[in-house]
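Participant: Here you go, one structure.
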Amino acid sequence: MKVLLIAGKDDFNEDVSKVTGIGRYVREVYRGLKKQIDVEPYPLFDYSSIFSSVNSVIKGIFHDYSGYDIIHLLSPKPFFPLRKGKAKWLTTVHDLFFLKYRESKPSPYMQKVYLKSILNSDALIVVSSLVKDDVEKLGYKKKIFVVNPGIGDEFFTKPLARYEKRDVIKLGYIGKLDSERKDVIRGIKVFRKIKEKNVIFELWGSYNPNSEIFKKIKEESEKDPRIKIMGPAPDEKLVEIYDSFDAFFFPTKEEGFGLPIVEAQARGVPVILFKDARIPDEVCENCIKIDEELPPLDYIKSFKEKYYDKLRNSMRKFSWENSIRKIINVYTNLI
């Protein structure tokens, strides 16, 4: 079996500081597959300029893929190969947010191209049961395989101190701050309903200081000294940051998979979500779901103490080892 993995020009980069979430997926899938099968990376897509974007599409169309059994696009791209031969064209769909949110939307024409590329694939890998439902609603009738992504082995290591005794309860968020979909402003407004002073809300993540969403976040946080804008979470300190939380408050509207939810629970940290959020069932079975008020602080603290081991054990299924094994099973099923 010979497999070609196709992604963006920087997505195979070993430097984790220079890749996106999809880039991390690309890197981990390639790293895992090359230990077991004949796999070749093809960093095809380059969107740094109009010329390079057009050139990427042209190269993708006229490249000779006939020597491969599987052509695997690791995320949806404008891809229509002419010389495919016997190769099966497989696409991983992480979400369909490019149809909904301004921050993710390409032009109407490119939306149609992305959708056509997905629908023309011989089969799809989707990252959750929720994304499977979404692509089925598009009218996709061919094979769909649900393969959840994994998290790194570092999330399953034992913390130095299981419970840190302190007088302050710490809620935390990790993710893009100025994102319409993440809805951090709603989270802040709900947090500010808490009257107790012995609680803080740490906001970790990147942002554009000139964006209107971030300006509103900053304005809200300046009204309450318990809200701390921390900046980007360094990759090498991510586990340490999760371990410092008594709970992870994730006010997102929806997730294709919900990697931060899995990461937090793998560290034994309770996750608080809104009941109206669209989250895959497989990651939020043990989450605390709220309407417009957070639970009492004593409940949050006792939840972590009571369900610490259960949360950690329930997330062990989301390992990269399991994900890679399932991806190889998909390849075998297609050829």
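The values are calculated or read from the model by the stated rules, or taken from the named source; none is laboratory data. Please read all numbers here as calculations on a predicted model, not as lab measurements. Heads up, the Cβs are rebuilt from the backbone with ideal geometry, glycines too, and the neighbour counts pull from every protein chain shown.
Participant: State whether one or more residues within region 289-309 are under 23 Å from Val93 (Cα atoms) and among the charged types (D, E, K, R). Give the steps one after another, and end with the answer.
Facilitator: Initial filter on region 289-309 (under 23 Å from Val93 (Cα atoms)): none.
No: region 289-309 contains no residue that is under 23 Å from Val93 (Cα atoms) and among the charged types (D, E, K, R).
Participant: If you don't mind, another one. Which residue, of Ser244, Ser221, is among the hydroxyl-bearing types (Ser, Thr, Tyr) and either closer than 25 Å to Val127 by Cα or touching a helix residue (DSSP H, G or I) at 6+ places or on another chain (Cβ under 9 Å) (or both)?
Facilitator: Result of the check over Ser244, Ser221: Ser221.
Participant: Pick from Ser52, Ser75: which is among the small types (Gly, Ala, Ser), surrounded by fewer than 19 Cβ atoms within 10 Å (Cβ to Cβ) and under 23 Å from Lys112 (Cβ atoms)?
Facilitator: Result of the check over Ser52, Ser75: Ser52.
Participant: Within region 239-273, how many residues are within 16 Å of the chain's Cα centre (by Cα) and in a loop (DSSP other than H, G, I, E, B)?
Facilitator: Residues that pass the stated criteria total 8.
Participant: Continuing with this model, one more query. Filter region 284-303 down to residues that are at pLDDT 95 or above and within 18 Å of the chain's Cα centre (by Cα), then give me how many there are.
Facilitator: Counting residues in region 284-303 that are at pLDDT 95 or above and within 18 Å of the chain's Cα centre (by Cα) gives 1.
Participant: Exactly one condition in (1) touching a strand residue (DSSP E or B) at 6+ places or on another chain (Cβ under 6 Å); (2) surrounded by fewer than 17 Cβ atoms within 10 Å (Cβ to Cβ) is not met by Pro296; state its number.
Facilitator: (1)
Participant: Anything in region 137-187 that is modelled with pLDDT of 95 or more, exposed (fewer than 15 other Cβ atoms within 10 Å of the Cβ) and of a type in the set (A, V, I, L, M)? List them, or say none.
Facilitator: Hits for region 137-187: nothing passes.
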